[in-house]
Amino acid sequence: MSHPDFSAATCSATIAYRGRLAPSPTGYLHLGHAKTFWTAQERARAHGGTLVLRSEDLDRHRVRPEFATAMLEDLRWFGLAWQEGPDCGGAFGPYTQSERLPRYQAAFEQLRAAGFLFPCVCSRQEVRRALQAPHAGDEEPLYPGTCRQLAAAAVASGDPRVNWRFRIPDGERVTFTDGHAGQQQFVAGRDFGDFVVWTREGFPSYQLAVVVDDAAMRITEVVRGADLLASTARQLLLYRALGLAPPAFFHCPLVTDDRGVRLAKRHDALSLRAQRAAGRTPEEIRAGW
Ligand code: GLU
C-alpha cells in the first residue's frame, strides 16, 4: 500500500517562514545542539522569518530547573536569538510544554475517538522512553503488537491506567523529501511499530507533543538532527490522523566526537558550558565547522 508523498509544499513567498528551537532541559546543551540550532537560525534569517523557542520539558524524570536556566544562558551565549518563547519581553510565549497539557489532551481525545489508538499495558521503561525524542541508539524495538487486540472496553472495566499506542498502517510507505537529506522512505511495521502517544501517567509522548506544538505554532520548517528522521515518519502519520498540514523538514547531519560517537548530554567536556569555561568563544567554535 502506498499513498502520495507527505512532503509539505515548499515554503512559498506568501507564507512567512517560522522555524523553532526545541531543546529539552534534561542536561547541558552540547556542540551538536549548537550546530543544529545555528543552522535553524541561519535558515530563519535567510528567509526573513521568525524563530520560536520551545522548552520540551515533559520528561519530568529527567528535567531539572538548573538545566532550564542553563539552557537559556547557553543559547544566548552562543549567539542564538528567538522572537517568540521564554524571556521575549512577555510578547509571545513562554512556550513550555508542561504548561500546554490541555492541548495535548485534546489531540489525544481526538485520535482516540477516531479509532487510531489502542490501549496497551506495556512496561514502565517503554513509557519512559516515549517521553523523550528517540535519538541515535535509543530507538524502541519494533512493537510486537501484543495489546492490539485488547478491547478498549475490557481495559476500561479494569485498570484505567493504561498507555495508548497509535496503530500504524502496516506496510504503508511513508515518504517525504527532506530539505537536507533528500528523498526519504520508511515502511510502517518494518522501520517503526505502534508507538505510544499517551502514557498512563497522563502525559503525551514526545511524538504527540511535538506534532501538536509544531502545528499550533504554525512552524513551516522543522530543523533538527538526522537521528529524528524516523520520528518524522511517525509524526507524518499523526499529522494526517489529526487532519493537520505538516511542515517541511530539514534534518542536519549529526555531530560526533573524535571517536565517531554521536554527542549526547553525557559528553560533559563538549557541553557549551565546558567549552565556555575552557575559554573557547562561539566564533572559534563556528570557525571549526
Ligand atoms: N526536544 C527534542 C530534543 O531535545 C527535540 C525534538 C525535535 O526537535 O523535534 O531531543
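Each value in this text was obtained by applying a stated rule to the coordinates, not by laboratory testing. None of these values were measured; they are calculated from a predicted model. With ideal geometry, Cβ positions are generated from the backbone for all residues, glycine too; neighbour counts draw on all protein chains shown.
At-a-glance table
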{"quantity": "D (Stokes-Einstein, µm²/s), Kirkwood Cα radius, segment 130-236, 0.692 mPa s at 37 °C", "calculated": "216 µm²/s"}
{"quantity": "Normalised per residue, the volume of the convex hull around the Cα set of the chain (Å³)", "calculated": "139 Å³"}
{"quantity": "Prolate/oblate/rounded label for segment 29-107 (Cα gyration tensor, a/c 1.5)", "calculated": "oblate"}
{"quantity": "Quotient of C-alpha Rg and 2.2 N^0.38 Å, computed over segment 173-256", "calculated": "1.08"}
{"quantity": "Rg to Rh, two decimals, where segment 216-287 supplies the alpha carbon set and Rh follows Kirkwood", "calculated": "1.12"}
{"quantity": "Structure-based [θ]222 nm, the chain - -39500 (n - 2.57) summed over DSSP H runs of at least 4, per residue, nearest 500", "calculated": "-9500 deg cm²/dmol"}
{"quantity": "Antiparallel DSSP beta bridges within the chain, percent to nearest 5", "calculated": "55 percent"}
{"quantity": "Net lengthening on full extension, ALA230/GLN183 (0.36 nm per residue, minus Cα-Cα)", "calculated": "15.7 nm"}
{"quantity": "Percent of beta bridges antiparallel (DSSP, segment 113-266, rounded to nearest 5)", "calculated": "70 percent"}
{"quantity": "Per-pair calculated FRET efficiency, R0 = 25 Å: ALA113 and GLU201 via Cβ, rounded to 0.05", "calculated": "0.75"}
{"quantity": "For segment 201-244, Kirkwood radius (reciprocal of mean inverse C-alpha pair distance, Å)", "calculated": "11.1 Å"}
